[in-house]
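The values are calculated or read from the model by the stated rules, or taken from the named source; none is laboratory data. Computed from a predicted structure; not experimentally measured. Cβ: placed from backbone, ideal geometry, glycine included. Neighbour counts: every protein chain shown. Keep in mind that these areas ignore ligands, DNA and RNA; they rest on the heavy atoms of the full protein, side chains included. Shrake-Rupley method; radii C 1.70, N 1.55, O 1.52, S 1.80 Å.
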Amino acid sequence: MSSVRLEHIHKSFQPRTVSETVVFKDFNLEIEDGTFVSVVGSNGSGKTTMLNMICGNVDPDSGKIFLGDTDLTHLPAYKRTARIGRVFQDPAKGTCASLTVLENLALADNKGQPYGFRRSIDEKRMDVYRHQLQRLHMGLEDKLHVPVGHLSGGQRQALALLIATKSPLDLLVLDEHTAALDPKSAETVMKLTEEIVRKEQVTTIMVTHNLRFAAEYGDRLVMMHEGKSVIDSLGHDKSSYKVSDLLDTFNRISIECGN
């Protein structure tokens, strides 16, 4: 596990043009080891840009990003994947559709190691994979030889979550990972997320538009607006928040912005 720190972050897009958009101006955020943070906010609030900066897909204009004692600020995205797992909104990301469930799991087992593809699949590990898949409660343990592209969105997202957390991680990033799922599948994946995060005790940042999920899951709740935290609640204070409270804050912000 590792803490996450964003220090004095400045970020704008299309700078020095009439279309310049300032996303962050001296933004600071610290997440302690093992904390599960739910992040909500309107479009343009900065939440996705924040994830992309942590994962290395977007560079800050200035400021520092740390994972534990490691300065990530100028580290390429591909070098961060050894310590950061990310599950995206699109169930098609995070897995390879043309490969079977077994082959996807085998690739995840060999992450970062040199190997020939045929040698990467250890048939003796099939029982281990079945046991891991049983935890998902989606019947995937009986679909080891099924191409991942044939799975439902919920099954594929659950598999992506398992793959993202198979190797030891310092940080798990969940980028609207239930948004593309039907309500029943979204609920299943959220319960699975809670189970995995608690079992692995991994520091987790979950961006979501689902206010109920944000209120019910995680140790800490952050609501962002125009690159700032307008709500930052932890522990008992966080558990007191209801969906209606979050909606009230959203509505107040919308009125103040003239929407």
| Restricting attention to the range 79-107, which residues are at pLDDT below 90, farther than 23 Å from residue 181 by Cα and buried (at least 19 other Cβ atoms within 10 Å of the Cβ)? | 106
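For residues that are among the charged types (D, E, K, R), assigned to a helix (DSSP H, G or I) and farther than 21 Å from residue 190 by Cα, tally how many sit in the range 131-153. Working first, answer last.
Our first condition is that a residue be among the charged types (D, E, K, R); within the range 131-153, this holds for 135, 141-143.
Right, trim to assigned to a helix (DSSP H, G or I) and you get 141-142.
Next, only the ones that are farther than 21 Å from residue 190 by Cα stay: 142.
So the count comes out to 1.
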| note | Across (1) open to solvent by 20 Å² or more (accessible area, probe 1.4 Å); (2) of a type in the set (S, T, N, Q); (3) farther than 27 Å from residue 10 by Cα, residue 178 clears everything bar (1)
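Output the residues belonging to the range 161-175 that are touching a Lys or Arg at 6+ places or on another chain (Cβ under 7 Å) and crowded, with 18+ Cβ neighbours inside 10 Å. Outline the logic, then answer.
Filtering the range 161-175 down to residues touching a Lys or Arg at 6+ places or on another chain (Cβ under 7 Å) leaves 164, 167, 169-171, 173, 175.
If the condition is that a residue be touching a Lys or Arg at 6+ places or on another chain (Cβ under 7 Å) and crowded, with 18+ Cβ neighbours inside 10 Å, then 164, 169, 170, 171, 173, 175 are the ones that fit.
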| message | Condition (residue is buried (at least 22 other Cβ atoms within 10 Å of the Cβ) and touching a Phe, Trp or Tyr at 6+ places or on another chain (Cβ under 7 Å)) applied to the range 232-254: is it met by at least one residue? | response | no
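Run down 199, 111 and say which single residue is under 22 Å from the mean Cα position of the chain (by Cα), surrounded by fewer than 19 Cβ atoms within 10 Å (Cβ to Cβ), at pLDDT below 90 and not aliphatic (A, V, I, L, M). Quick ask: steps written out before the conclusion?
Details: 199 fails: at pLDDT below 90.
Testing whether each residue is under 22 Å from the mean Cα position of the chain (by Cα), surrounded by fewer than 19 Cβ atoms within 10 Å (Cβ to Cβ), at pLDDT below 90 and not aliphatic (A, V, I, L, M) leaves just 111.
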